[in-house]
Amino acid sequence: MTKVGRKLCWVGVNASRLLLAATFVFSGMVKVVDPRGTQYKLEDYFLAFGWSGWMPGFLPLWLAVALAVFEFCLGVYLFFGIRRRMTTRLYLLFLGVMTPLTLYLALADPVSDCGCFGDAVTLTNWETFGKNVVLLLLSVVVFRSYRLMSRFVSERNQWTISLYSIVFALVLACYSLYTLPVFDFRPYHIGANLPEGMVVPEGEEEPVYQTTFVLEKDGVRKEFPLEDYPEDTAWHFVDSRTVTVSEGYVPPIHDFSIVTWPEGEDITEAVLADSGYTFLLVSPYLEMADDGDIDRVNELYDYCQAYGYSFYCLTASGDEMISRWQDFAGAEYPFALTDDITLKTMVRSNPGLVLLKGGTVYGKWGCHSFPKVEDLNVPLEESEWGTLRSDSRMMTTLRVVLWFLVPLFVFSLVDRLWIGGKMYKRKKHRDSITNLLNKRKMRKKIVAGNWKMNLNLQEGVALATELKNALAADQPNCEVVICTPFIHLASVAQVLEGSVIGLGAENCADKEKGAYTGEVSAAMVKSTGAQYVILGHSERRAYYGETAEILKEKVNLALANGLKVIFCIGEVLEEREADKQNEVVKAQLAGSLFDLTAEQFSNIVLAYEPVWAIGTGKTATAEQAEEMHAFIRATIAGKFGAEAAENVSILYGGSCKPTNAKEIFAKPDVDGGLIGGAALKCADFKGIIDAWKA
Ligand code: PEP
């Protein structure tokens, strides 16, 4: 992939990630601040599916809190890039389940509003399905390329943000349950004027309903539309049905009515038009009401009586339950009937309290925070309860955001400082070593391991894990790469995630793709997460007939696929004995690399490996190595210029061990080692890596 292509990919993945994260943080947050709303929605679904009968009563609320916390945290994790693999998997799983489910809901329409954004944004079931399809596509993008997502917090400290998000969401959900939702998106929020919420604006169509009556006379049942209701009183009422003929405009408040109990008089208009104060004790079901503060309610009623304010208890419970409540609670206040869904929407507490004046909501209280009459020893007009507060939504938003963001910001700052401090220390240390070793050596120092055809998958993963831990505990002063057989790559890439160790393959095909049984292309190597590939190793030249021409193809394909190439060169014993090493090495360079551009060449690392020293225990002396490295650098300067020569890292390979590495690496043109046998033992390989330390 080209550089521009890679950049576009990065932008696409990160944009998808931010969009997904924002959606989940929002949908999680609107549920966190109103878990009861989600509970009611879940109950609607369970009822529609016929599951309510066997479901334990507490379950919908628990599920509502769990769903809210899950969505919110998933959003936060994706935003910060926390546990990227696991998080993107969870997105895929969640949306993979939700998308077909919402398609079913759109087709069957058991509940009209899905409730995915609580009361904040109402979507139809088809809109929800469309939204989920888009989110599913985005989650596929982030799942496939999760490694491209930048992290906003270090891997080591990500647990602080993970834990804080969970605790924050849980505490906020519990607080909203104990009091009332922190944000009230419903048409009954403080400051809302109920009559205004019932108005159908001019020009909007009113909904049309058709009511049919089932009447019976002389044992015969017949249906009559309202307009044909018979005048003959011999017909007796049996049942009635109302169907919506046309939806029309449905105002935010469309089902609010107050009918006195037991008289049956509709007093909705009178209550809403009352310019004085009216307290409404709201209890959808008295049988489920929290009775902890019923004495306080009675005191409040006495207070209303004393000052001439109206007071009603609105409920959807039946006659028997109301009578029982009157006896049990000693309630003298009047009762009135209202639809249960309306009551649940008005206030998320059972019982809850609503204060109205002139049809406007002046105050709302949950059952744990009813106003105390001791604090109300003055008329409402003179107390803060009776004063309409200005809309505090902005302030609440700010408070919640600050409560969440300030600690996060502090965590991130500490994290950044910690990382910065570590990096600074490491750099200082490295600088001092580099200065000590050789002031002229500004090139990248690399120690690369070549496992060859050794270690099964489990042994390879174990070795990579051991090395990762060893280097996490004792940071290296050079770049470390391990090159493994193809079958290890994907697993070792996972092990190495977040570590300083790079990963490479030992070979790749000289063809782009297609019917080349048993071959592995450069693109495939790259797709495992590897960054390097070894090419031109003497064993591949000798045993698999890899010519300069074949290697040229491989190098081009590796570079085109974004891999860095560790290109091996070196003479056999006969050639050295005939003093032909320079000639041989130059021909190897020219045959496979001299057609590259300087830019392509900047992704090449050279490894000088005298074949007579590989795996033989016979090492080139430090002087022999330096002599060849200097020659190679001069050859590169001749072809690609002084800058390219100065920048290219040239590694030495051939029976390199912890005991001889320091002496060889101290040479000015030696920039590290390509290690075979000694790379198969963590302690030996680490010993060689440590040769770069003072
Ligand atoms: C190698 O094969 O790249 C190599 C350097 O092997 P050894 O260290 O075993 O000589």
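The values are calculated or read from the model by the stated rules, or taken from the named source; none is laboratory data. What you see is a predicted model, and the numbers here were worked out from it, not measured in a lab. Neighbour counts are summed over all protein chains in view; Cβ atoms, including those assigned to glycine, are modelled from backbone coordinates with ideal geometry. Just so you know, the surface numbers come from the protein's heavy atoms only, side chains and all, with ligands and any DNA or RNA stripped out. Shrake-Rupley method; radii C 1.70, N 1.55, O 1.52, S 1.80 Å.
Things worth noting here:
- Inside the stretch 398-410, residues that are closer than 18 Å to G75 by Cα and open to solvent by less than 80 Å² (accessible area, probe 1.4 Å) make up a count of 6.
Each row is one residue, and each column tells you yes or no for (1) assigned to a helix (DSSP H, G or I); (2) in contact with a helix residue (DSSP H, G or I) (Cβ under 6 Å, 6 or more places away or on another chain).
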{"residue": "V584", "(1), (2)": "yes, yes"}
{"residue": "A590", "(1), (2)": "yes, no"}
{"residue": "T616", "(1), (2)": "no, no"}
{"residue": "E626", "(1), (2)": "yes, no"}
{"residue": "H629", "(1), (2)": "yes, no"}
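- Of the criteria (1) touching a Leu at 6+ places or on another chain (Cβ under 9 Å); (2) under 28 Å from G352 (Cβ atoms), which one N125 fails: (2)
- Check on G203, outside any strand (DSSP E or B), among the small types (G, A, S), on the phi > 0 side of the Ramachandran plot and open to solvent by less than 70 Å² (accessible area, probe 1.4 Å): no
- Set L589, L535, L551: member being surrounded by 19 or more Cβ atoms within 10 Å (Cβ to Cβ), hydrophobic (A, V, I, L, M, F, W, C) and more than 16 Å from the ligand (Cβ to nearest atom): L589
- The set of residues in the stretch 471-517 that are open to solvent by less than 30 Å² (accessible area, probe 1.4 Å) and within 17 Å of G687 (Cβ to Cβ) comprises L471, P476, N477, C478, V480, V481, I482, I501.
- Test: K468 is open to solvent by 10 Å² or more (accessible area, probe 1.4 Å), touching a strand residue (DSSP E or B) at 6+ places or on another chain (Cβ under 8 Å) and assigned to a helix (DSSP H, G or I): yes
- From the options V585, V520, V495, V500, residue that is closer than 30 Å to R426 by Cα and at pLDDT 95 or above: V495
Residues are listed down the side, and each one gets a yes or a no for (1) polar (S, T, N, Q); (2) open to solvent by 20 Å² or more (accessible area, probe 1.4 Å); (3) at pLDDT 90 or above:
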{"residue": "L343", "(1), (2), (3)": "no, no, yes"}
{"residue": "L353", "(1), (2), (3)": "no, no, yes"}
{"residue": "K357", "(1), (2), (3)": "no, yes, yes"}
{"residue": "H368", "(1), (2), (3)": "no, yes, yes"}
{"residue": "K372", "(1), (2), (3)": "no, yes, no"}
{"residue": "E381", "(1), (2), (3)": "no, yes, no"}
{"residue": "E384", "(1), (2), (3)": "no, yes, no"}
{"residue": "T387", "(1), (2), (3)": "yes, yes, no"}
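- When C568 is tested against (1) assigned to a helix (DSSP H, G or I); (2) of a type outside the set (D, E, K, R); (3) surrounded by 20 or more Cβ atoms within 10 Å (Cβ to Cβ), just one condition goes unmet, and that condition is (1).
- Screening P251 against (1) outside any helix (DSSP H, G or I); (2) in contact (Cβ under 8 Å) with a residue 12 or more places away in the chain; (3) over 30 Å from T387 (Cβ atoms) leaves a single unmet condition, (3).
- Inclusion of K681 among residues that are within 16 Å of the ligand (Cβ to nearest atom), more than 23 Å from G562 (Cα to Cα), open to solvent by 60 Å² or more (accessible area, probe 1.4 Å) and at pLDDT 95 or above is warranted.
- Residue match in the stretch 655-662 (condition: open to solvent by less than 10 Å² (accessible area, probe 1.4 Å) and within 16 Å of the ligand (Cβ to nearest atom)): yes
- Close Cβ contacts (under 6 Å, 6 or more residues apart or on different chains) running from residues in the stretch 191-210 that are more than 19 Å from T345 (Cβ to Cβ) to residues that are open to solvent by less than 50 Å² (accessible area, probe 1.4 Å) and among the hydrophobic types (A, V, I, L, M, F, W, C) comprise E206/V200.
- Residues within the stretch 581-597 that are under 16 Å from S538 (Cα atoms) and among the β-branched types (V, I, T), tallied: 2
- Qualifying residue in the stretch 18-25 (condition: in contact (Cβ under 8 Å) with a residue 60 or more places away in the chain, open to solvent by 50 Å² or more (accessible area, probe 1.4 Å) and not assigned by TED's automatic domain parsing to the domain that holds V495): yes
- Residue that is nearest to the ligand (Cβ to nearest atom) [pool: residues in the stretch 663-676 that are surrounded by 19 or more Cβ atoms within 10 Å (Cβ to Cβ) and not in a strand (DSSP E or B)]: G676
- Filter pass, A542 being open to solvent by 40 Å² or more (accessible area, probe 1.4 Å), hydrophobic (A, V, I, L, M, F, W, C) and within 14 Å of the ligand (Cβ to nearest atom): yes
Listed here are the residues, each with its yes/no results for (1) in contact with a helix residue (DSSP H, G or I) (Cβ under 6 Å, 6 or more places away or on another chain); (2) open to solvent by 30 Å² or more (accessible area, probe 1.4 Å); (3) closer than 30 Å to S349 by Cα.
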position	(1), (2), (3)
P230	no, no, no
Y249	no, yes, yes
L272	yes, no, yes
L280	no, no, yes
D291	no, yes, yes
R296	no, yes, yes
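- Selected residue (criterion: nearest to V495 (Cα to Cα)) from residues of the stretch 134-155 that are β-branched (V, I, T) and in a helix (DSSP H, G or I): V142
- If the condition is being more than 14 Å from the ligand (Cβ to nearest atom) and among the hydroxyl-bearing types (S, T, Y), then the stretch 613-654 contributes T621, T635, S649.
- Test: residue in the stretch 160-182 that is open to solvent by less than 80 Å² (accessible area, probe 1.4 Å), in contact with a Phe, Trp or Tyr (Cβ under 6 Å, 6 or more places away or on another chain), at pLDDT below 90 and not charged (D, E, K, R): yes
- Within the stretch 100-120, residues that are among the small types (G, A, S) have Cβ atoms under 9 Å from residues that are open to solvent by 50 Å² or more (accessible area, probe 1.4 Å) and in a loop (DSSP other than H, G, I, E, B) in these pairs: G115/T122; G118/F185; A120/F185, counting only partners at least 6 apart in sequence or on another chain.
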